[in-house]
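Peer 1: I have a structure I would like to understand better, so I am pasting it below and will then ask my questions one at a time.
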Amino acid sequence: MSTPAERRQLRPTDVKRLNRDWRRRTEARLGLLVESVTQPFNIGSIVRSAAVFGVDHLWLAGNSTPPTHRNVAKTALGTERLVPWEHAGTPAEAAAAVRKEGMRLIAIELTTDAVPLHEAPLDGDVCLAVGGEDHGCSPALLAAADAVAYIPQIGRVGSLNVAVATAIALGEARRREWAG
């Protein structure tokens, strides 16, 4: 173990090696369904997190801004070319596309039957779903989901930014796989 005096940031080649090691530990497919997220900066952040956590496919539903929007690149920082995506139509059509790929659909939302994210069924091939900035997942998307999970919060604020919530959920899905 190094001492603080010996600690240094990793060089780019070290980071590539580290990431390659984590990819080797990753078997499950991870998808992401984004419904009616309209702010380009949120889409860019979501795409960047999707690239970081190895999302296999991004499905857009409703009036989500596409990753090709000129302002998405400001936060995606080039990662928009790394995540395959499609606009899949309505939430029900997007959910059907997810199921056609053999993935379970887990919505991230506050509902009466939602379980804490750390207890959600995130094993195997799973697709996480997030909803728009102001209203979250639509009733149609929630009806199509296999389960619903929420991110426990203890502060006085009732919600997270959609891009932050997406990053937390994607990170938890991978963490659970790596810890299991």
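Peer 1: Relative to the first principal axis of the alpha-carbon coordinates of the chain, what is the inclination of helix 12-24, with its axis defined by its Cα atoms, in degrees from 0 to 90 and to the nearest 10?
Peer 2: Between the helix axis and the principal axis of the chain, the angle is about 50 degrees.
Peer 1: Please compute the contact order of the chain in relative form: average sequence separation of alpha-carbon pairs under 8 Å and at least six residues apart, divided by the residue count, as a percent.
Peer 2: Relative contact order for the chain comes out at 25 percent.
Peer 1: Moving on to the next point. Rounded to the nearest 5, what % of DSSP beta bridges with both residues in the range 64-180 are antiparallel?
Peer 2: Antiparallel bridges: around 10 percent, rounded to the nearest 5.
Peer 1: Which entry in [x] 19.5; [y] 18.6; [z] 16.8 matches Kirkwood radius over Cα pairs in Å derived from the coordinates of this structure?
Peer 2: Correct label is [z].
Peer 1: At what distance in angstrom do the alpha carbon centres of the range 40-55 and the range 109-143 lie from each other?
Peer 2: If we compute the Cα centre of each part, the gap is 17 Å.
Peer 1: Tell me which trypsin sites (Lys or Arg not before Pro) from the range 1-50 have a DSSP coil assignment and no more than 15 other beta carbons within 10 Å of their own.
Peer 2: Qualifying residues, ordered by number: 7, 8, 25.
Peer 1: Still on this structure: As a check on your grasp of the helix formula, calculate [θ] at 222 nm for the chain: sum -39500 (n - 2.57) over DSSP H runs of n ≥ 4, divide by the residue count, round to the nearest 500.
Peer 2: Mean residue ellipticity at 222 nm (helix-derived): -10500 deg cm²/dmol.
Peer 1: Based on the mean of other beta carbon atoms within 10 Å per residue, what is the order of 110-119, 54-63, most packed first?
Peer 2: So the peptides 110-119, 54-63, ranked by packing, come out 54-63, 110-119.
Peer 1: Between residue 11 and residue 74, what FRET efficiency comes out of the Förster formula 1/(1 + (r/R0)^6) with R0 = 25 Å and r the beta carbon distance, rounded to 0.05?
Peer 2: 0.40
Any read-out appearing in this document is the output of simple, stated calculations on the displayed coordinates, not a laboratory observation. It should be emphasised that the depicted structure is a prediction, and the values quoted were computed from it without experimental measurement. Cβ: placed from backbone, ideal geometry, glycine included. Neighbour counts: every protein chain shown.
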